[in-house]
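Quick notes on the structure that follows.
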Amino acid sequence: MSQPVHETGSFSNISTSTLVKSGAGKLLGIFCASASSTPTIKVWDSTAASGTVVVNTFTPIPGNYHAIPADVGTGIYVTISGTVDCTVFFSA
């Protein structure tokens, strides 16, 4: 019988463009608590808003968790526009 998968990790609640994690790791997902004023989110494998795009620009939906199971080598940088309150989940 298979066992359930429990992905856990660290988290960072953000509302502006932010370097969430520096260095290699795993992005688990993003929970969007609220979003308005033409909100968007973009995720980079970088320490700034440049380099490799993990998830291109999307419109977050409040109250939803967006699973993003991705390995990153440089870091997790999240670009936010509009008004967004979200929590980014990641692990080392």
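The numbers here are math on the coordinates, done by the rules we state, and not lab data. Since the model is a prediction, treat every value here as computed from it, not as a measurement. Glycine also receives a Cβ, built like all others from the backbone with ideal geometry; neighbour counts cover every protein chain displayed.
Within segment 32-44, restricting attention to residues that are under 12 Å from the mean Cα position of the chain (by Cα) and surrounded by fewer than 19 Cβ atoms within 10 Å (Cβ to Cβ), the residue that is farthest from residue 90 (Cα to Cα) is 40. Condition test on residue 27, is it in a strand (DSSP E or B) and touching a residue at least 60 places away in the same chain (Cβ under 8 Å)? Here the answer is yes, as residue 27 does meet what is asked. Once segment 72-85 is narrowed to residues that are of a type in the set (A, V, I, L, M, F, W, C) and within 19 Å of residue 22 (Cβ to Cβ), the residue that is surrounded by the fewest Cβ atoms within 10 Å (Cβ to Cβ) is 80. Yes or no: residue 83 within 13 Å of the chain's Cα centre (by Cα) and over 24 Å from residue 8 (Cα atoms)? No: the conditions fail for residue 83. Among the residues examined, residue 88 does not qualify as free of Cβ contacts under 8 Å to residues at least 12 places away in the same chain and surrounded by 12 or more Cβ atoms within 10 Å (Cβ to Cβ). Scanning segment 46-71 for residues that are assigned to a strand (DSSP E or B), surrounded by 17 or more Cβ atoms within 10 Å (Cβ to Cβ) and out of contact with any Gly (no Cβ under 6 Å at 6 or more places or on another chain) yields a count of 1. Just one of (1) touching a His at 6+ places or on another chain (Cβ under 9 Å); (2) aliphatic (A, V, I, L, M); (3) part of a loop (DSSP other than H, G, I, E, B) fails for residue 41. It is (3). Taking the listed residues 22, 50, the one that is without any contact (Cβ under 8 Å) to a residue 40 or more places away in the chain and out of contact with any Cys (no Cβ under 8 Å at 6 or more places or on another chain) is 50, with no other qualifying.
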